[in-house]
Amino acid sequence: QELLETYINALTAIKTKMLDVSTLNHFAYFGELKSGYRLEKKMDHLGCFVGGLLGLSSKYISKLDSKERKDYLDLAENITNTCHESYIRSPTHLGPERFHFERADQEAISIKQNEKYYILRPEVIESYFYMWRLTKNQKYRDWAWDAAMSIEKYCKTENGYSGIKDVYDLNSQKDDVQQSFFFAETLKYLFLIFSDDSLLPLDQYVFNTEAHPFKIKN
């Protein structure tokens with residue numbers, strides 16, 4: 001119970017201090033809080049797991065009332081949509097390492113060269129997986145399939161899969177690195193989103209940060 005209260009308090013603080021909405025398209029995102037008060041209008045690909053986190057919270061935190069559950073789920077859907085936008089706003093339909101919201105004409109887009117790479121990260125697809133299991137909205141499978149086809153098209157090599165250096169370049173150089181989390185997480189979540197819910201059901205298993213499933217004790 002104490003850990004649950006700590007978690008809910010942390011989420012409340014994050015929503016209060018770090019949640020923002022973009023000017024033009026009203027994309028919800030979690031910015032970076034600097035010095036405890038200054039919010040930088042950008043979000044990392046690594047942060048895109050939070051859509052699934054909020055979705056799971058809406059389902060499995062028993063003390064929430066119906067309005068709180070809906071608020072959590074609505075925010076989960078909005079954050080996941082924002083992360084999806086970071087993918088489809090690039091010609092490769094792969095998302096950059098970091099994307100910005102400082103300018104209305106550049107929302108959910110990377111604006112610095114050293115942030116435009118994609119290294120086979122799983123976090124966006126992870127949220128697609130959880131949101132599919134929780135809502136059964138077909139768009140999450142469609143988005144996952146689009147990402148899978150983009151990985152196949154732009155990241156596949158003769159001997160495996162590689163990250164690319166610029167998601168905005170259809171002929172981007174590859175980085176010649178196949179990250180271990182590509183198998184442990186990215187491909188696993190893609191496999192699970194197109195599998196039956198009876199495979200690793202969420203009321204019986206929890207995934208750790210590297211997507212390893214652990215049986216929930218009753």
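The values are calculated or read from the model by the stated rules, or taken from the named source; none is laboratory data. Keep in mind that what you see is a predicted model, and the values were worked out from it rather than measured. Please note: Cβ atoms are built from the backbone with ideal geometry, for glycine as well, and neighbour counts cover all protein chains shown. Side chains are part of the model used for accessible areas, which takes the heavy atoms of the whole protein and leaves out ligands, DNA and RNA. Shrake-Rupley method; radii C 1.70, N 1.55, O 1.52, S 1.80 Å.
State whether one or more residues within the range 153-161 are over 28 Å from Tyr29 (Cβ atoms), touching a strand residue (DSSP E or B) at 6+ places or on another chain (Cβ under 7 Å) and without any contact (Cβ under 8 Å) to a residue 60 or more places away in the chain. So far as the range 153-161 goes, yes, one or more of its residues are over 28 Å from Tyr29 (Cβ atoms), touching a strand residue (DSSP E or B) at 6+ places or on another chain (Cβ under 7 Å) and without any contact (Cβ under 8 Å) to a residue 60 or more places away in the chain. Going through (1) in contact with a helix residue (DSSP H, G or I) (Cβ under 6 Å, 6 or more places away or on another chain); (2) farther than 25 Å from Arg133 by Cα one by one, Lys34 falls short only on (1).
Each row is one residue, and each column tells you yes or no for (1) in contact with a His (Cβ under 9 Å, 6 or more places away or on another chain); (2) closer than 23 Å to Leu120 by Cα; (3) assigned to a loop (DSSP other than H, G, I, E, B); (4) in contact (Cβ under 8 Å) with a residue 40 or more places away in the chain.
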residue	(1), (2), (3), (4)
Leu24	no, no, yes, yes
Leu33	no, no, no, no
Gly36	no, no, yes, no
Met43	yes, yes, no, yes
Ser58	no, no, no, yes
Ser62	no, no, yes, no
Lys67	no, no, no, no
Asp71	no, no, no, no
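Of the numbered criteria (1) open to solvent by less than 40 Å² (accessible area, probe 1.4 Å); (2) under 16 Å from the mean Cα position of the chain (by Cα), the one Leu53 fails is (1). Selection of first residues in the range 190-204 that are without any contact (Cβ under 8 Å) to a residue 12 or more places away in the chain and of second residues that are of a type outside the set (Phe, Trp, Tyr) and surrounded by 11 or more Cβ atoms within 10 Å (Cβ to Cβ), restricted to Cβ pairs under 8 Å at least 6 apart or on distinct chains, gives the following pairs, ordered by first then second residue: Leu199/Leu192. Can you find even one residue in the range 61-79 that is modelled with pLDDT of 95 or more, closer than 18 Å to Ile109 by Cα, of a type in the set (S, T, N, Q) and under 18 Å from the mean Cα position of the chain (by Cα)? Yes - at least one qualifying residue is present in the range 61-79. Restricting attention to the range 1-37, the residues being closer than 13 Å to Glu107 by Cα and charged (D, E, K, R) number 1.
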